[in-house]
Amino acid sequence: MDTPARLRPMLRAAAIMLATAVAGPALTSPAFAADPIKIGSVVSATGPSAFLGDPEAKTLKLYVDELNKKGGLLGRPVELVLYDDGGDANKARTFATRLVEDDKVVAMVGGTSTGATMAMIPVFEEAGIPFVSLAGGIEIIEPVRAFVFKTPHTDKTACQKIFEDMKARGITKIGMISGTDGFGKSMRNQCLKVIGQYGITVVADENYGATDSDMTPQLNKIKNTAGVEAVLNPGFGQGPAIVTRNYAQLGIKLPLYQSHGVASKSFIELAGPAAEGVRLPAPAILIGDKLAANDPQKPVVAEYKTSYEKATGQPVSTFGGYGYDGIQLVARAIESAKSADPKKIRDALEATKGYVGVTGIYTFAPADHLGLGTDSFRMLVIRNGDWAIEAPAR
């Protein structure tokens with residue numbers, strides 16, 4: 001449902017204030033004479049997905065400010081026009097339309113959730129404006145759409161990484177408990193599509209709603225299913241933390257695997273001591289200090305971590321990292337294209353080869369608008385309230 005007309009001026013003013021807060025201080029040094037290059041964003045900075053969207057918003061503001069301090073792009077200032085959808089896909093679509101029709105952005109970096117992203121895709125595709133999503137669902141880039149890219153690994157890739165680990169540990173039968181949100185449903189479906197390739201079967205399959213506060217009944221069913229050797233929770237947001245706490249309360253001792261959708265220190269804090277031993281695939285950003293000295297991502301991760309934590313006083317997360325890679329990819333594409341024309345930006349994005357980001361090393365192609373494989377994931381385990389690199393199974 002569209003936003004009432006009487007509220008649009010107020011919301012537009014709020015967006016302009018956000019954009020000014022990012023671009024304004026940098027306009028004084030160096031001085032800019034040209035019109036700004038407008039980059040749009042819609043994230044879930046508040047609401048149930050705020051722990052995902054808030055670091056994304058902070059990162060985008062931080063690095064647009066950094067761009068302007070270095071002279072902007074093509075000698076023009078960069079203006080970030082940022083809206084907060086509060087986790088509401090309908091609001092996300094409304095804001096997407098506003099970015100296109102009113103704000104006249106040349107590119108878009110945002111979409112905290114798969115649901116919000118899917119709601120916005122038709123707007124940017126129809127307008128011919130490149131959209132770099134920060135959400136996980138594979139349906140965002142499969143099938144490939146001309147103007148849509150994304151920075152997080154897909155749920156399919158996460159499933160493959162998890163099943164590689166399970167197979168190496170001799171696990172052949174699992175229980176699954178999935179969220180019914182866009183991400184949870186998508187990852188469950190992708191896991192079911194590829195699981196047979198690893199000789200693993202699902203013998204218990206449960207789910208929970210986005211607002212559920214107790215998953216004990218579903219976990220009890222899994223606990224009482226004969227043959228279950230491990231449990232996988234495709235989901236993101238607050239649900240997986242509740243699953244993890246309930247799992248411990250029920251005394252379930254089987255290995256618990258979570259998705260890359262909870263690769264944030266906020267998950268550990270929400271789950272508390274129950275998170276001990278949880279395994280999940282995640283980008284290098286969570287273990288930057290543990291990377292080998294010759295790892296090409298190490299200096300990139302270190303720079304982002306230092307800048308973000310100094311600016312915000314908060315620890316980095318993979319979600320802010322998705323925003324970092326998104327804004328960097330768009331900025332590089334504008335510079336490469338030597339143009340702020342959306343079509344030329346799109347073409348330059350698709351031609352990206354070997355960009356070393358905090359999430360992975362990206363190489364796009366006409367048939368691949370993600371550009372990451374399973375090797376860009378690290379298998380982590382939570383130990384003593386922090387991330388550790390999971391030792392390969394023997």
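Provide the net charge surrounding P122, with neighbours chosen by a C-beta distance below 12 Å and charges set as Lys +1, Arg +1, Asp -1, Glu -1. Spell out each step's value before the answer.
Working: positive: R93, R145; negative: E125, E126.
Combined, the nearby Lys, Arg, Asp and Glu give 0.
In the range 42-127, the ratio of gyration radius to Kirkwood radius, Rg to Rh, stands at 0.99 when only Cα atoms are counted. Considering the chain at the alpha-carbon level, its Rg and Dmax are found to be 20.8, 70 Å. A compact globular protein would have a Cα radius of gyration near 2.2 N^0.38 Å; the ratio found for the range 283-333 is 1.12.
Only beta bridges with both residues in the chain are counted; by DSSP, about 30 percent of them are antiparallel.
Rank by packing, highest mean first: peptides 184-194, 302-312, with packing defined as the count of other Cβ atoms within 10 Å averaged across residues. Working shown, then result.
Working: 184-194: 21.3, 302-312: 15.9.
Ranking, from highest mean packing down: 184-194, 302-312.
Accessible surface of the chain, 1.4 Å probe: 53 percent of it comes from carbon and sulfur atoms. Pairwise inverse Cα distances across the range 181-259, averaged and inverted, put the Kirkwood hydrodynamic radius at 13.0 Å. If you look at the Cα atoms of the range 97-211, you get an Rg and a Dmax of 16.9, 56 Å. Using a probe of 1.4 Å, the accessible surface attributed to D214 totals some 80 Å² when neighbouring protein chains are kept in position. Given the pairs K253/K298; K69/K353; K161/K343; K69/K290; K298/K353, which span a C-alpha to C-alpha distance of over 24 angstrom in this model? Over 24 Å apart, Cα to Cα: K253/K298; K69/K353; K161/K343; K69/K290. The Kirkwood radius of the range 185-333, taken over pairs of alpha-carbon atoms, gives through the Stokes-Einstein law at 20 °C and 1.002 mPa s a diffusion coefficient of 124 µm² s⁻¹. Remark: the chain carries 39 Å² of accessible area per residue (probe radius 1.4 Å; ligands, DNA and RNA excluded).
Backbone amide hydrogens, once placed in the peptide plane, bring L380 within less than 5 Å of L280, A282, E390, excluding anything fewer than 5 places away on its chain.
Taking Cβ atoms as reference points and 11 Å as the exclusive limit, the residues near L286 contribute a net charge of +2, counting Lys and Arg as +1 and Asp and Glu as -1.
Derived from the Cα gyration tensor, the three semi-axes of the equivalent ellipsoid of the range 116-275 are 29, 18, 13 Å, largest first.
The values are calculated or read from the model by the stated rules, or taken from the named source; none is laboratory data. Quick caveat, the model's predicted, so the values are computed rather than measured. All Cβ positions, glycine included, derive from the backbone under ideal geometry; neighbour counts span all protein chains shown. Areas reflect the complete protein model, heavy atoms only, side chains present, ligands, DNA and RNA absent. Shrake-Rupley method; radii C 1.70, N 1.55, O 1.52, S 1.80 Å.
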